[in-house]
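Below: one structure, written as structure tokens.
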Amino acid sequence: MVGAVPKLNPFRPGSVISPGTFVGRIEEIDVVEQSLLQTRNGNPQHFIIEGERGIGKSSLCLWVDYLARGDTTYDGKNRLSFIVVNTELHAAMGYDDIVDAILAELKRQIANREPLLEACKTAWDFLSRFQVSGVKYDRPQPLATNSKRLDELTDVLVNLIEESLGAVEGVLILIDEADRPPSEAHLGQLCKLLTERLSRRRCERVCIGLSGLPDLMQKLKDSHESSLRIFNILELKPLEFAERMTVIDRGIEQANKSSDTKVEIEDNAKRLIANLSEGYPHFLQEFAHCAFATDSDNNISVTDVLSGTFSEHGALNQLGRKYFADLYIDQIGSEDYRRVLIAMADHMDDWVGRQTIINSSGVKESIVNNALSALRERKIILSNPRARGEYRLPTRSFAVWIKARETQKKAEPALSVGDTASVINVLAPKPGANEG
């Protein structure tokens, strides 16, 4: 209809999910809440949020930001009052760059709070004179870390806590994309030394929270062998099936609140989206977004989900381009090599033996051997350092995407004749089955 106002699509692949539509992560949220409450009471508890791309780390960080600032309650009625230094790191940042980023954000946060400007004169005196030395993250990495910059950061935090006189309960230094800088940036050493300096100054109301990909752990350890000991490590896993369904329901509710035209979604369509995503929040948003965009009669059906997922520019294609094109398409010219990856995907990101791969893939042993060697060299698969002849895919999400592509092939005969019931049998378990 010409001139019709398009429906608001509530599903946002590639965007951080706002706390109002955030679902799941109950255990992780409980740990973070206790970390902040302990820090408020002078017993700082630091934490790391780690997981694969698309698992929801940045969305959880945003929720933590809201919680610490007091924009949401921690027990249904009471609120915290932290200054939140929320910053994101970049690949070429060094030690001084990271300290500068923290100081710059701290300056911005205090400048926005008039009572703190009046109360925290010593801290503000330094910060008001502080200037970030540009954004050229290409300076050579120093052979030793700069203790002067760390001392300045320590002084500011101590003065801020001492002079705030109860105006704030603590400071949360929340660092997203913490895995991006190299080990030589010494983020682990920075965190370890900062906590020790603050402790010696009896400043015990500063909490550090890091978020990053799994290789963050090794980078921290390379930087300072004992740096991991100061953190509680929270590994994000895929959402449970019921949580995935709730995400979809909340999205539909949000769309209906913003429009007089109500949208409905069939139960089978919801289950199909939930199962295709395998619990990865970004995947879930992508599949739901494309299904919502495909719908033309305000009733999202299995057909809408299939069209939105498997069309030329659909969800599966989008996920491949954003995440996996380099691993699965650009670096591989042999279909036999892809069959090896397909066989491994059945085991998700678990270790699988060479003979099992040979049996499952249907590829000749000599070709499998060549494939495993080539794929390992290109870092498309990993070899088990503790067990000879065992391999795995680098991430579970890569396996999920490969399986979704194969699911499409299985469903194509039924799709070609419009046999929706058969497609459902291929893609989604019956209600009550072990879904997800």
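The table for this structure:
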item	result
Filter result for Leu216 (of a type in the set (A, V, I, L, M, F, W, C), buried (at least 19 other Cβ atoms within 10 Å of the Cβ) and under 19 Å from Val64 (Cβ atoms))	yes
Residue in segment 347-356 that is surrounded by 22 or more Cβ atoms within 10 Å (Cβ to Cβ), in the same structural domain as Tyr391 (by TED's automatic domain parsing) and in a helix (DSSP H, G or I) present	no
Qualifying residues in segment 277-299 (those that are among the hydroxyl-bearing types (Ser, Thr, Tyr) and surrounded by fewer than 21 Cβ atoms within 10 Å (Cβ to Cβ)) - the one farthest from Ile17 (Cα to Cα)	Ser296
Selected residue [among the small types (Gly, Ala, Ser) and modelled with pLDDT of 90 or more] from Gly70, Gly20, Gly76	Gly70
Sole exception among (1) touching a His at 6+ places or on another chain (Cβ under 7 Å); (2) among the charged types (D, E, K, R); (3) on the phi > 0 side of the Ramachandran plot for Glu177, by number	(1)
Residues of segment 359-413 that turn out to be outside any helix (DSSP H, G or I), of a type in the set (Lys, Arg) and under 31 Å from the mean Cα position of the chain (by Cα), as a count	4
Test: residue in segment 89-99 that is modelled with pLDDT under 90, on the phi < 0 side of the Ramachandran plot and surrounded by fewer than 16 Cβ atoms within 10 Å (Cβ to Cβ)	yes
Failed criterion for Leu234 (all others in (1) in contact with a Pro (Cβ under 9 Å, 6 or more places away or on another chain); (2) under 22 Å from Val16 (Cβ atoms) hold)	(1)
Filter result (on the phi < 0 side of the Ramachandran plot, out of contact with any strand residue (DSSP E or B) (no Cβ under 6 Å at 6 or more places or on another chain) and touching a residue at least 12 places away in the same chain (Cβ under 8 Å)) within segment 62-76	Leu62, Trp63, Val64, Tyr66, Leu67, Asp71, Thr72, Tyr74
Residue ID - modelled with the lowest pLDDT, chosen from residues in segment 281-317 that are over 16 Å from Leu8 (Cβ atoms) and not in a helix (DSSP H, G or I)	Glu312
Residues of segment 43-54 that turn out to be touching a strand residue (DSSP E or B) at 6+ places or on another chain (Cβ under 9 Å) and either in a loop (DSSP other than H, G, I, E, B) or at pLDDT below 90 (or both), as a count	3
Leu210 touching a residue at least 12 places away in the same chain (Cβ under 8 Å), in the same structural domain as Asp151 (by TED's automatic domain parsing), under 17 Å from Ala101 (Cα atoms) and not aromatic (Phe, Trp, Tyr)	yes
Single residue of Leu306, Leu319 found to be within 15 Å of Val400 (Cα to Cα) and touching a residue at least 40 places away in the same chain (Cβ under 8 Å)	Leu319
Hits in segment 327-337 - residues which are within 28 Å of the chain's Cα centre (by Cα) and either at pLDDT 90 or above or part of a loop (DSSP other than H, G, I, E, B) (or both)	Gln331, Ile332
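The values are calculated or read from the model by the stated rules, or taken from the named source; none is laboratory data. Please read all numbers here as calculations on a predicted model, not as lab measurements. Virtual Cβ from ideal backbone geometry, glycine too; neighbours counted across all protein chains shown.
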